[in-house]
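One structure below.
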Amino acid sequence: MKKVFILVLALILCSGASAYAVPYYADTIVDYSSGTGLDFTGDAHIPRALGSWDLVFLTIGETGYFTFGFDNRTLFDGIGNDVRLYTTSHSISNEPAEISASMDGFNFSSLGILNPLRPSTWVANGPSYEIWYQEFDLNDAGLNSARYVKVTDLAGGFVATDIDAIALLNSTAIPEPSSFLLLGLGLFGRRLFRRKYNKI
């Protein structure tokens, strides 16, 4: 029985240990409030902030927020920073926003504030703006892991925050339930076979 337990544990760890060496981008928005002062928000514009950066951004109105999800991935506190936020040049100069993370999607811990006082890295030129990214560390919020990242526009500055993309720099795959079911059935069948064999 001890060997079976060790085997199960090893398979679970291996199935979830495929950490990405490249950024994994947000693929869903689970909750949002578009905020005020804009006509460039809402359901039709949500895809603008999903997937990799592409010089097409989503605008969050003043005091609005967007909660991003990552299908079948868990963010973890790895080496260096863990979250990368791509924004326009407007956002890094006068559109402050708070970045926070959560494991359950309800209780969020702040990773920091997007503002010109934090270092940002230039990415590319857009039609009338530039794309930059700024990184955040789960350790700054005392978190070991998270499933959701939230961007909240803060009052003050120029009305809105422009988000092009959000990426996880340190993440691991979540095993699908079907994998556990197949594993359990296999081990159960193996145990029945051994019992029957021993009785012969």
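Among the conditions (1) at pLDDT 95 or above; (2) surrounded by 17 or more Cβ atoms within 10 Å (Cβ to Cβ); (3) small (Gly, Ala, Ser), the only one that Ala97 does not satisfy is (1). The residue that is nearest to the chain's Cα centre (by Cα), among those in segment 141-163 that are of a type in the set (S, T, N, Q) and crowded, with 17+ Cβ neighbours inside 10 Å, is Thr152.
Within segment 125-169, which residues are among the polar types (S, T, N, Q) and farther than 25 Å from Thr36 by Cβ? Matches in segment 125-169: Asn125, Asn139, Asn144, Ser145. Filtering segment 43-84 to residues that are more than 23 Å from Gly157 (Cβ to Cβ), among the charged types (D, E, K, R) and not in a strand (DSSP E or B) leaves Asp43, Asp54, Asp71, Asp77, Asp82. Mind checking which residues of segment 98-131 are under 21 Å from Leu75 (Cβ atoms) and touching a helix residue (DSSP H, G or I) at 6+ places or on another chain (Cβ under 8 Å)? Matches in segment 98-131: Ser100, Ala101, Ser109, Ser110, Leu111, Gly112, Leu114, Ser120. Note on segment 85-126: residues that are under 21 Å from Arg48 (Cα atoms), of a type in the set (A, V, I, L, M, F, W, C) and either free of Cβ contacts under 8 Å to residues at least 60 places away in the same chain or assigned to a loop (DSSP other than H, G, I, E, B) (or both) amount to 5. Residue-level analysis places Asn139 outside the set of residues that are under 23 Å from Phe57 (Cα atoms), at pLDDT 90 or above and outside any strand (DSSP E or B). Selection within segment 118-140: residues that are surrounded by fewer than 19 Cβ atoms within 10 Å (Cβ to Cβ) and of a type in the set (A, V, I, L, M, F, W, C). The member of this set that is farthest from Ala101 (Cα to Cα) is Ala124. In summary, Leu114 fulfils each of the numbered conditions (1) within 21 Å of Glu62 (Cα to Cα); (2) surrounded by fewer than 19 Cβ atoms within 10 Å (Cβ to Cβ); (3) not basic (Lys, Arg) with the single exception of condition (2).
The values are calculated or read from the model by the stated rules, or taken from the named source; none is laboratory data. The structure displayed is predicted, hence computed values, not measured ones. As a convention, Cβ positions derive from the backbone with ideal geometry for all residues, glycine included, and neighbour counts pool all protein chains shown.
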